[in-house]
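Student: First the structure, which I've put down as structure tokens, then a few questions once you've had a look.
The values are calculated or read from the model by the stated rules, or taken from the named source; none is laboratory data. Small disclaimer: the values here were computed from a predicted structure and weren't measured. Here Cβ is always computed from backbone atoms with ideal geometry, including for glycine, and neighbour counts include all displayed protein chains. The area values use the complete protein model at the heavy-atom level, side chains included, leaving out ligands, DNA and RNA. Shrake-Rupley method; radii C 1.70, N 1.55, O 1.52, S 1.80 Å.
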Amino acid sequence: SKYKEELKYIYAHGHEIGNHSYSHPDFKKITIEEGLAEIEKTQQIIYKTILHYPRVFRFPYGSVNKEILKRIDMPAILWNADSLDWQFYSSMILNIIIKKRLQQL
């Protein structure tokens, strides 16, 4: 809800908007009801801002709660290489991902 103008800009430029929860909790450490409320609150804020509901969800920390996943009508977005982007704020992120991806080949 703090970044409505940024959300509008991103959506207006053709990017997919996903739901990542409202307060970024570990979904394995909260109740199903709390998790569903996190998702629904975010869905409503995004809809009120861009008149479009997110169609995908990404669990914070990649901490998938299968019970919550069964109850939402969105696929979960996951990854196979952690960019560690929360540690760095530079072009190093791209180099980390490329290196990890090459190791997987």
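Student: Report relative contact order for the chain in percent, whole number only (criteria: Cα-Cα under 8 Å, sequence separation at least 6).
Tutor: 25 percent
Student: Considering the dipole of the chain built from charges on the beta carbon (Lys and Arg +1, Asp and Glu -1) around the Cα centre, which of Tyr47, Asn95, Leu7 is farthest to its positive end?
Tutor: Checked the options; the winner is Asn95.
Student: For the chain, rounded, prolate or oblate, judged on the Cα gyration tensor with a ≥ b ≥ c (square roots of eigenvalues), a/c < 1.5 rounded, else prolate if a/b > b/c?
Tutor: Numbers: a/c = 2.02, a/b = 1.27, b/c = 1.59.
Oblate.
Student: On to the next question. Please compute the net charge surrounding Ile30, taking Lys and Arg as +1 and Asp and Glu as -1 over other residues with Cβ under 12 Å from its Cβ.
Tutor: Numbers: positive: Lys28, Lys29; negative: Asp26, Glu33, Glu34, Glu38, Glu67.
After counting each charged neighbour, the total is -3.
Student: Provide the per-residue ³J(HN,Hα) series for the range 20-29, in order, calculated from phi with Karplus coefficients 6.51, -1.76, 1.60 and θ = phi - 60°, each as a whole number of Hz, with x at glycine and proline positions.
Tutor: 10, 5, 8, 10, 6, x, 7, 5, 7, 10
Student: Something else now. In the neighborhood of Gly62, defined by Cβ-to-Cβ distances under 12 Å, what is the net charge if each Lys or Arg adds +1 and each Asp or Glu adds -1?
Tutor: Details: positive: Lys28, Arg58; negative: Asp26, Asp82.
Taking every Cβ under 12 Å from that of Gly62, the sum is 0.
Student: Follow-up. If amide H atoms are built 1.01 Å from N in the plane of the peptide, which residues on other chains or at least 5 residues away come under 5 Å of the amide H of Phe27?
Tutor: The list, which skips near neighbours in sequence, is Ser63.
Student: Now a separate question. Given +1 on the Cβ of Lys and Arg, -1 on the Cβ of Asp and Glu, and no further charges, what dipole in debye does the chain carry about its Cα centre, rounded to the nearest 20?
Tutor: Values: 15 positive and 12 negative charges, 40 e Å.
Using only the charged Cβ atoms, the result is roughly 200 debye.
Student: Further, regarding this structure: What's the magnitude of the charge dipole for the range 33-82 around its Cα centre, counting Lys and Arg as +1 and Asp and Glu as -1 at the beta-carbon? Answer in Debye, nearest 20. Please report the intermediate quantities before stating the final value.
Tutor: Working: 7 positive and 7 negative charges, 39 e Å.
Dipole of the range 33-82, to the nearest 20 debye: 180 debye.
Student: Got a number for carbon plus sulfur as a percent of the chain's accessible area, 1.4 Å probe? Write down the numbers at each step before the final one.
Tutor: On the way: 4340 of 7710 Å².
In the chain, the share of accessible area belonging to carbon and sulfur is 56 percent.
Student: Can you flag which of Lys8/Lys41; Lys29/Lys100; Lys2/Lys48; Lys28/Lys70; Lys4/Lys41; Lys2/Lys41 are past 23 Å Cα-Cα? Don't skip to the answer; put the middle values down first.
Tutor: Working: Lys8/Lys41 18 Å; Lys29/Lys100 29 Å; Lys2/Lys48 13 Å; Lys28/Lys70 14 Å; Lys4/Lys41 14 Å; Lys2/Lys41 14 Å.
Where the Cα-Cα span goes over 23 Å, the pairs concerned are Lys29/Lys100.
Student: In a shell of Cβ-Cβ distance under 15 Å around Lys2, excluding Lys2 itself, what net charge do Lys and Arg (+1) and Asp and Glu (-1) give?
Tutor: Working: positive: Lys4, Lys8, Lys41, Lys48; negative: Glu5, Glu6.
Result for the neighbourhood of Lys2: +2.
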